[in-house]
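Data first, discussion second: the structure below is written as structure tokens.
Quick note: the coordinates plus some simple rules give every number you see, no bench work behind them. What you see is a predicted model; the values in this text were computed from it and never measured. Every residue, glycine among them, receives a Cβ derived from its backbone with ideal geometry; neighbour counts consider all protein chains shown.
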């Protein structure tokens, strides 16, 4: 049960990554690999600031800003300097590796004895469950602290999802979506598509940085290697999410991305429980994304024959 | 209103695919006029329109709009004054977004786009009213994605969208070429209606000589990146489809002579 709650919480935290990837890949049609660097950047900024004595909330907000800037740089490389979209992401991701080491000062920052956003969530359990330490759910005993973290994380993710949804429904948000959908049309309607792409990638990586900050605080450390393959994980979540919904409306796509991230985490937890070697995780994730991308085409060919 | 001064544009310069699309085009478009541009394939008609819209920057020459030099003004800034309908019905609308969202995008052409809701009830009512004028039943499908509509419906919508905020100049780039004949006639009627009602200054490229003869009050014929004929309102009145076709023949014949002469010279002297 603890395992289940743990995976749900991590899934929710990583759903911010999924939302970020949804913005870049699906809304802007931009394969943005910056994610691998910006999720670590978020973790690095949050961890170093917390260790340096800043409030955990401020540290988390700053990780969003850091990711935002990283995304903007990728956008500027692509739009202003006409660098291929994949390459812009790769350049920034690579540069961020050094930046992250600079920010952290070493390759790993432990947060175990620090006050973090997650520890405040834990202490919030006294308000939700009074002073009970163990909660009984359908015969399973669950630490009240873990449950409290899960509930508060879920609330925060839902708030972010709603804000994102509402934002994409504003005049600015619809212009952003149109930029990814038909750039020529929206330019002819007077929108600077370059600005939209820069802003969109900034927003995307801001969310991803935030995800990294929460992830580091949850697992109790920030590590310079933690971002490797995160883009594929985010993409897997988005793809699962699209499979879960039947109508591709904006609200459902956002909900789907979150559900996809949580479901993916659960599947990973189950696979690990069954004895899958954790080292194989990224291979299997990549294989999964390959199959998900290939399947629609293969099905079409199969139907034609 | 719009003054084009000796503009040049070459695509893929210094490659095997080099295309000299515009070679010294000068043109003055008066306010309220409706100019039809015809020409052979690759004569630079569409390039001329795109140069005015700002899809690319020209190599040399100048473009003035209301006396202001807009040669270096990016496309999205020119869009404030210029409305454009493209040949491909898929170009003018965002397929995955709803009809209402597409219109709301168009209703903000050249205006500030901030954090206000794109779809307000007040706007939706206005959208519905204007859509009714198309007589296509689109007002009942405001929330449907545009991708589900037919080419004709999309083109009608694009036309409505590009004139939603009244443009000082309307550019139509063979906007009926991709449609079936019946739909094309409908779109042409709609075009004339909108232009007449809003008194729009229009520049229309067409491949249909019939449209060229029937519409507008000036015809320009282009060939090899140059304007070769320019008929004003009076001359146009007497112009028939057959006249235009014979002009095309004449151009082609001249070209053939040029080629055969060149060949002959080559044979004799090289």
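Among beta bridges from DSSP that stay inside the protein assembly as shown, the antiparallel ones total about 65%. From helices alone, chain A scores -25000 deg cm²/dmol at 222 nm; the rule is -39500 (n - 2.57) for each run of n ≥ 4 DSSP H residues, then divide by the residue total. Of B:133, A:125, the sequence from fewest to most neighbouring Cβ atoms within 10 angstrom is B:133, A:125. Remark: the residue A:228-residue A:165 segment gains 19.9 nm on full extension, using 0.36 nm per residue and subtracting the alpha carbon distance. Is the protein assembly as shown rounded, prolate or oblate when judged by the Cα gyration tensor, a ≥ b ≥ c being the square roots of its eigenvalues, rounded requiring a/c under 1.5 and prolate requiring a/b larger than b/c? It comes out prolate by the Cα gyration axes. For chain B, the antiparallel share of DSSP beta bridges with both residues in that region comes to about 55%. Exposure proxy shown here: for B:140, A:122, the number of other Cβ atoms within 10 Å sets the order, fewest to most, as B:140, A:122. Model label sites at residue A:98 and residue A:284, defined 7 Å from Cα along the beta-carbon direction, differ in position by 3.7 nm.
What the Cβ-Cβ distance of residue A:131 and residue B:144 gives, at R0 = 60 Å and to the nearest 0.05, is a FRET efficiency of 0.65. If you plug the beta carbon distance of residue B:264 and residue B:242 into 1/(1 + (r/R0)^6) with R0 = 35 Å, you get a FRET efficiency near 0.65.
Within 10 Å of the Cβ of each residue in B:90-102, the mean number of Cβ atoms contributed by other protein chains is 5.
Each residue in A:166, B:169 was given a count of other beta-carbon atoms within 10 angstrom of its own, and listing them fewest first yields A:166, B:169. For an R0 of 25 angstrom, estimate the FRET efficiency from the Cβ-Cβ distance between residue B:233 and residue B:168 and round to the nearest 0.05. Efficiency, from the Cβ-Cβ distance: 0.75. Each helix, a run of at least 4 DSSP H residues, gives -39500 (n - 2.57); summed and divided by the residues of chain B, these come to -11500 deg cm²/dmol at 222 nm.
Extension gain for residue A:298-residue A:140 works out to 52.5 nm (0.36 nm per residue, less the C-alpha to C-alpha distance). With Rh defined as the Kirkwood radius, the inverse of the mean 1/r over Cα pairs, the Rg/Rh of the stretch B:101-156 is 0.97. Bridges between two residues of the stretch B:128-270, per DSSP, are antiparallel at a rate of about 55%. Pairwise alpha-carbon distances in chain B exceed 33 Å for 27% of all pairs.
What does a probe at residue B:26 reach in the stretch B:48-77, counting residues whose amide N is under 12 Å from the point 7 Å along Cα→Cβ? What the label zone holds, given the 12 Å backbone N cut-off, is B:62. Counts of other chain beta carbons within 10 angstrom of each beta carbon in peptide B:71-77 average 3.
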